[in-house]
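The values are calculated or read from the model by the stated rules, or taken from the named source; none is laboratory data. These figures come from a predicted structure and were not determined experimentally. Backbone-built Cβ (ideal geometry, glycine too); neighbour counts: all protein chains shown.
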Amino acid sequence: MTTNQTLSKPEPQFKPRPITSFKAYDIRGELGVNLDEDIAYRIGRAFAQILAARLADDADIQGKNLNRCIVIGCDIRPSSEALKAATISGIIDAGIDVIDLGMTGTEEVYFATSHYQALGGIEVTASHNPINYNGLKLVKEHSKPISADDGLAEIQALAESGSFAKPKKLGIIQLKTDKSAYIQHLLTFIDAKKLTPLKLVINCGNGSAAPVVDLLLENLLANGAPLQIVRLHHEPDGSFPNGIPNPMILENRSATRDAIIENNADLGIAFDGDFDRCFLFDETGNFIDGSYVVGMLAQAFLQKHPNESIVYDPRVIFNTEAVIECFDGNGVLSKSGHSFIKQTMRDAGAIYGGEMSAHHYFRDFFYCDSGMIPWMLTIELLSVSGNTLSKLVSQYISDYPSSGELNFRLTDSDAPTIIREIEQHFATQNPKKSTLDGLSLDFNDWRFNLRASNTEPLIRLNIEAKGDEALLNEKTAELVTWLKGRSAQPA
C-alpha cells in the first residue's frame, strides 16, 4: 500500500513545549503526562528533519546509498498504534517517506533499517514498563544507535521548539509487513540439521513475539528440526492478561517454570514485550541469570571463532572474563546500555556482546540486540554438546556465584552521594576501582558494582565472588544493610 501526500493541507503551528520523556538512549513516558500523540508527532518530525539534514550535509552519509525513508513499527500495546500514526504524520510532514512494518518487535526495526537502507528506524514500545507507559526507540542509518550525546538531545530540542522547516513535498507511506527476509536472516545463525530432539516451553508473555516465533518454528520444523513446542501466553494481547511481560520480576517466572516441570521440557524461553530480550530457564525450571548466559554464548562463539572480541558490561564480570580467557578470546569492557555496547562492538569489531540484563548483541545482526538469536543458539548448543542447560551453566554458577541485581529506591539521598560515600567506606581496603559505569570495587576474591539506573529512579547493586557462596552472602548482607542505613529501600 502506498499513500500519496500533497502540500494542500495547512501547515500546523507549534508552540514551544517541554518534553521530559527523553532518556539517556531512548524515549519513554507516562501516557497523558509526558507522552501523547502531539509529542509523538513532534518527535517523528524532528527525527526526520534532522536525518534529512544529515543526508544533505554529510558526504560520508551520502556515499552510503541510503533511501530517503524511515521504517517504523510498534508493539501490541493499545496506545502504540495511535502513537505510531502520529509519528508517521510527523515524518511525512517533514518530507520523508515511511515504511510501516505493522506490529513488530524492536529487532525487526533494526533489521528493516539496514535491509531497506533507510535513513533511520523507530519502534513504538514501552517493552516491560507498566501499561500506562509507552515510548520510542530510535536508530539512524545502518541501525546505529542514537544517544543523548549523539543526536537525541538535538531531536529533543527541535521537537520542543516546534520550529520545523517546511518541506518542498510531503512523504509517502508504504505498508510492508512481510517478515520473510528477516526470518531467513535469523536462521543463518544456526544449522537446523544439527538440532536433536528437544521439547521447548516458549512464553511470549502476550507481547509481540508470537508471530516471529511461529515463523521461525515453521521454518525449523520444515527443515527437519525434531522440536516439540509448548506455547504459553502466546496470543498477542496489549491488555497483558497474564501480567506485564517482564521475566526479571520474580513472580512472572512461575508460569514458565511450572510449564517446564509439567511438560518435562528441556528448556524454557521467555520474552519481554518487544522481545529484544530473551530469558532462559533450565530443564528443572530454574531461571538462568543473564550474566551466565553471556558466558555461555561467549563460549559458543569462541569455540567456533577463536581470537574474536567479546564485549561485556561491568556489572558482573568474573565468569565472562574467565570464559573469554579460557577460550582465547579478547575481552572488551563497555559501559552498560545498548548504545554504548553497540558502539564499543563496532569499534572492536566484536562478534558478540552481552549484558546481564538479557540483551545480547551480534556483529552479524548489524551489531544490534536480538531476543530470537539467543534461544536458537542455545538449542543448537544443547544439541551439539549433548548437555542439559543446567549442566552447561552449573560450573559457571559454582565458580562465580553472584547476587543477581538488587534494586533500591532512594528517599533522602541521591545516587552520586551514595556512590561517593560507599567508595569512602571501603577506601581503607584498597580495592581496584573503576568508574566506567557507576562504581566498581574489586577486592580480588569478591567485587561489587553500584550504579544509577539510566531508565528508572533506582540505584542498582550487583555483587559476585570467586567460588565462595558464603562470602557472597556475607558481603551481600553487609552492603544491603549499609544501603538501608542511607535511606535506600529495596525496590
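Of all residues being in contact with a strand residue (DSSP E or B) (Cβ under 7 Å, 6 or more places away or on another chain) and outside any strand (DSSP E or B) in region 53-74, which is farthest from residue 90 (Cα to Cα)? Just the residue, please.
So the residue we want is 66.
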For region 306-331, the count of residues that are part of a strand (DSSP E or B) and either assigned by TED's automatic domain parsing to the domain that holds residue 465 or not polar (S, T, N, Q) (or both) equals 4
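Condition check ((1) under 30 Å from residue 150 (Cβ atoms); (2) over 17 Å from the mean Cα position of the chain (by Cα); (3) not aromatic (Phe, Trp, Tyr)) across all residues:
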| position | (1), (2), (3) |
| --- | --- |
| 255 | no, yes, yes |
| 260 | no, yes, yes |
| 298 | yes, yes, yes |
| 306 | no, yes, yes |
| 309 | yes, yes, yes |
| 336 | yes, no, yes |
| 341 | yes, no, yes |
| 344 | yes, no, yes |
| 349 | yes, yes, yes |
If you take the residues in region 145-190 that are surrounded by 13 or more Cβ atoms within 10 Å (Cβ to Cβ) and of a type in the set (D, E, K, R), which one is nearest to the chain's Cα centre (by Cα)? 150
Pairs only if they're at least six apart or on different chains, beta carbon under 6 angstrom, first in region 116-145 and within 24 Å of residue 66 (Cβ to Cβ) and in the same structural domain as residue 174 (by TED's automatic domain parsing), second of a type in the set (Lys, Arg) and in a strand (DSSP E or B); list them, first residue then second. 120/140; 123/137
Qualifying positions in region 77-105 - touching an Asp or Glu at 6+ places or on another chain (Cβ under 7 Å) and closer than 20 Å to residue 39 by Cα: 82, 83, 86, 88
Segments classed as helices (runs of 4 or more DSSP H), wholly inside region 380-491, with at least 2 members that are of a type in the set (Val, Ile, Thr) and within 22 Å of residue 290 (Cα to Cα): 389-399, 469-484
Scan region 118-135 for residues that are surrounded by fewer than 24 Cβ atoms within 10 Å (Cβ to Cβ) and of a type in the set (Val, Ile, Thr) and jot them down. 131
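Can residue 474 be described as crowded, with 20+ Cβ neighbours inside 10 Å and at pLDDT 95 or above? Explain how you work it out, then say what you get.
On the way: crowded, with 20+ Cβ neighbours inside 10 Å: no; at pLDDT 95 or above: yes.
Considered against the rule, which asks whether it is crowded, with 20+ Cβ neighbours inside 10 Å and at pLDDT 95 or above, residue 474 comes out as no.
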Return the residues of region 81-117 that are surrounded by 24 or more Cβ atoms within 10 Å (Cβ to Cβ) and not hydrophobic (A, V, I, L, M, F, W, C); say none if nothing qualifies. 84, 87, 90, 104, 105, 106, 107, 108, 110, 113
Exactly one of these conditions fails for residue 421: (1) surrounded by fewer than 19 Cβ atoms within 10 Å (Cβ to Cβ); (2) without any contact (Cβ under 8 Å) to a residue 40 or more places away in the chain. Give me its number. (2)
From (1) touching a Gly at 6+ places or on another chain (Cβ under 6 Å); (2) surrounded by 23 or more Cβ atoms within 10 Å (Cβ to Cβ); (3) more than 22 Å from residue 360 (Cβ to Cβ), pick out the condition that doesn't hold for residue 75. (3)
Could you tell me which of the residues 438, 371, 404 is at pLDDT 95 or above, on the phi > 0 side of the Ramachandran plot and small (Gly, Ala, Ser)? 438
If you go through region 375-386 one residue at a time, do you hit one that is in contact with a strand residue (DSSP E or B) (Cβ under 8 Å, 6 or more places away or on another chain), among the β-branched types (Val, Ile, Thr) and not assigned by TED's automatic domain parsing to the domain that holds residue 438? yes
Take residue 238 and decide whether it is closer than 16 Å to residue 287 by Cα, in contact (Cβ under 8 Å) with a residue 60 or more places away in the chain and either of a type in the set (Asp, Glu) or not in a helix (DSSP H, G or I) (or both). no
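Tally up the residues in region 234-270 that are among the β-branched types (Val, Ile, Thr) and closer than 30 Å to residue 196 by Cβ, please. Before you say what the answer is, go through the steps one by one.
Of all residues in region 234-270, those among the β-branched types (Val, Ile, Thr) come to 244, 249, 256, 260-261, 269.
With the extra rule that they be closer than 30 Å to residue 196 by Cβ, the set shrinks to 256, 260-261, 269.
Total meeting the criteria: 4.
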Residue count, region 159-198, condition assigned to a loop (DSSP other than H, G, I, E, B) and not β-branched (Val, Ile, Thr), comes to 17
